[in-house]
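> The structure is given below, and queries will be raised subsequently.
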Amino acid sequence: MAAARAALLRRHGHGLGLATANPVLFSGHGLRYRKLEVILTTTIDKLGKAGETVKVAPGHFRNHLMPKMLAVPNIDKFAILMREQPKLYQREEEVVVKEVTKEDDDARQAEEKLKEYQAAAKRLDNALLVLRRFISEGNELRSPVTKDEIVNEVARQLNINIHPDNLHLVSPLSSLGEFELPLRLPKDIPRPEGKLQWTLNVKIRRP
């Protein structure tokens, strides 16, 4: 069906010069074109129903509607074809094509980003970050473990990039042992079940 539709467009659109630059579809240097009248071959949400004549930007028609056979130029050749052979241009089942708006795209990206953050938060909460230190007298570390070092080790060991502000550490860790450090993550990331906050487990051991 799509092949037959494309063949007719090539045959009847030849006189329009659709394969090359045409003054109806392309703008000249320094000029802005008025909207182009086209005939919809299928119903498009927020634009019109199949068979209706609507006005669209030339670029939108050239880059989106025409390649997908969603519309044809409003000229006699195609108008006659639409009247005489509607089944050729209209799909067997009526399908409403929803135009994706910038708001829809932004919402989708925000949802995907939130899922990525939540997956990273779960990895941090379930992980055990291990650092090695030499000790001096009294079990104290020769060099304390700082917040920046922990952030760097998270990136190296867990392949997750966090900001120092995401980690709540009042003072450097100065002794061996295991520590549960609170994480400050965006509030829109759901907290882990049964816990008040996200945490990162850090273990400091001898080499």
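The values are calculated or read from the model by the stated rules, or taken from the named source; none is laboratory data. Here the structure is a predicted model, which is why all the values come from computation and not from measurement. Note that we place each Cβ from the backbone using ideal geometry, even for glycine, and neighbour counts take in every protein chain shown. In case anyone asks, the SASA skips ligands and DNA or RNA and just uses the protein heavy atoms, side chains included. Shrake-Rupley method; radii C 1.70, N 1.55, O 1.52, S 1.80 Å.
> If you take the residues of the range 35-72 that are open to solvent by 40 Å² or more (accessible area, probe 1.4 Å) and assigned to a strand (DSSP E or B), which of them is nearest to THR101 (Cα to Cα)?
Filtering first and then ranking leaves LYS55.
> For the range 170-182, enumerate the residues that are assigned to a strand (DSSP E or B) and farther than 26 Å from LEU114 by Cβ.
Of everything in the range 170-182, those that are assigned to a strand (DSSP E or B) and farther than 26 Å from LEU114 by Cβ turn out to be LEU173, SER174, SER175, GLY177, GLU178, PHE179.
> Can you name the number of the only condition in (1) crowded, with 16+ Cβ neighbours inside 10 Å; (2) without any contact (Cβ under 8 Å) to a residue 12 or more places away in the chain that ASP125 fails?
(2)
> Answer with yes or no whether SER143 is among the hydroxyl-bearing types (Ser, Thr, Tyr), surrounded by fewer than 13 Cβ atoms within 10 Å (Cβ to Cβ) and at pLDDT 90 or above.
yes
To keep it simple, each residue is scored yes or no on (1) more than 16 Å from GLN118 (Cβ to Cβ); (2) open to solvent by less than 90 Å² (accessible area, probe 1.4 Å).
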residue: ARG156; (1), (2): yes, no
residue: ASN159; (1), (2): yes, no
residue: HIS163; (1), (2): yes, no
residue: HIS168; (1), (2): yes, yes
residue: ARG184; (1), (2): no, no
residue: LYS187; (1), (2): no, no
residue: ARG191; (1), (2): no, no
residue: LYS195; (1), (2): no, yes
